[in-house]
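In what follows, a structure is listed as C-alpha cells, so that the remarks can point back to it.
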Amino acid sequence: MSDLEDSYFRDRIPEKPNLTKRLQTHKKQKFRKEWMDHQDFKVWLAPVIGEPLKAKCKLCVIDLTAELTVLKKHQTSQKHKLSVVQPKI
Ligand SMILES: [Zn+2]
C-alpha cells in the first residue's frame, strides 16, 4: 500500500446518517379564546386563571384539560347535560 492510497482511505469520512431522535411528546394545547365563541361551548366554557392548559366548565364547576377533544367529550357527558338543565350557579 503506497502512502497515497493510505491517505486516501484515511481522509474518507464515513457518512453518518443524521439520526435526530424525534421526541414523541404529546403536544399540550393551551386554552383558546376562540373556543368561547363556539356555539356549543360559549354557554359553559371559561378559562382557568393562571392555568393556560386548563379550561373550566361553569355549569359543572369543574376544571378540564384545555383540549378540544376533551371539551367535546365533556359536552356530551351525562353530568354536563344535567348541569345544563339544572345549573349550579
Ligand atoms: Zn360541564
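Here is how the numbers come out for the structure above:
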quantity	calculated
Cα-based reach from residue 81 at 19 Å (exclusive), listing lysines while leaving out same-chain residues under 8 positions away	42, 56, 58, 72, 73
³J(HN,Hα) computed for each position of the range 27-35 - Karplus, 6.51 cos²θ - 1.76 cosθ + 1.60, integer Hz, glycine/proline x	6, 7, 8, 10, 4, 10, 5, 5, 4
Calculated FRET efficiency for the pair residue 61/residue 25, C-beta based, R₀ 35 Å, to 0.05	0.70
Nearest-0.05 FRET efficiency for residue 70 and residue 32, computed from C-beta distance (R0 22 Å)	0.95
Fully extended contour minus Cα-Cα distance, from residue 40 to residue 82, at 0.36 nm per residue	13.6 nm
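Taken together, the values in this text are just the output of simple stated rules run on the coordinates, not laboratory data. Here the structure is a predicted model, which means the values were calculated and not measured. So basically every Cβ, Gly included, is an ideal-geometry build from the backbone, and we count neighbours across all protein chains shown.
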